[in-house]
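Participant: One structure, pasted below without further comment.
Every number in this text was worked out from the coordinates using simple rules, so none of it is lab data. All values reported here derive from a predicted model rather than from experimental measurement. Note that each Cβ is placed from the backbone with ideal geometry, even for glycine, and that neighbours are counted across all protein chains shown.
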Amino acid sequence: MGVLQLPPIQPIAVTIEQAAKLIGTNDKQIRRAIYARELPAVRLGKSYSIAIADLTRWFERKKKFI
């Protein structure tokens, strides 16, 4: 019997810093969007967690206005 190979786990959410790196901006821009309620986020203790799907939708909306 062979060893079962599982696909790597893909995160569903990222921190503010990770989100900024993913889209090529700084964390201040991400924080502004969260505080302005443009970008949904979940507060976990002292940090925020942003769903990658929400980050992608927000980025796509912003991209259309350039």
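Participant: Sort out which residues of the stretch 37-66 are in a strand (DSSP E or B) and among the polar types (S, T, N, Q), and write them in order of number.
Facilitator: In the first step, residues of the stretch 37-66 are kept if they are in a strand (DSSP E or B); the result is 42-44, 47-51.
S47, S49 - these are the residues of the stretch 37-66 that are in a strand (DSSP E or B) and among the polar types (S, T, N, Q).
Participant: Just the residues that are out of contact with any strand residue (DSSP E or B) (no Cβ under 8 Å at 6 or more places or on another chain) and under 17 Å from E60 (Cβ atoms), please, taken from the stretch 6-35.
Facilitator: A20, I23, G24, T25, Q29, A33 - these are the residues of the stretch 6-35 that are out of contact with any strand residue (DSSP E or B) (no Cβ under 8 Å at 6 or more places or on another chain) and under 17 Å from E60 (Cβ atoms).
Participant: How many residues does the stretch 43-58 hold that are exposed (fewer than 12 other Cβ atoms within 10 Å of the Cβ) and over 17 Å from K21 (Cβ atoms)?
Facilitator: The initial filter retains those residues of the stretch 43-58 that are exposed (fewer than 12 other Cβ atoms within 10 Å of the Cβ), namely 43-47, 53.
Adding the requirement that they be over 17 Å from K21 (Cβ atoms) leaves 43-46, 53.
Number of matching residues: 5.
Participant: May I ask you to list the residues in the stretch 1-36 that are in a helix (DSSP H, G or I) and exposed (fewer than 11 other Cβ atoms within 10 Å of the Cβ)?
Facilitator: Taking the stretch 1-36 and keeping what is in a helix (DSSP H, G or I), we get 16-23, 27-35.
The answer is K28, Y35.
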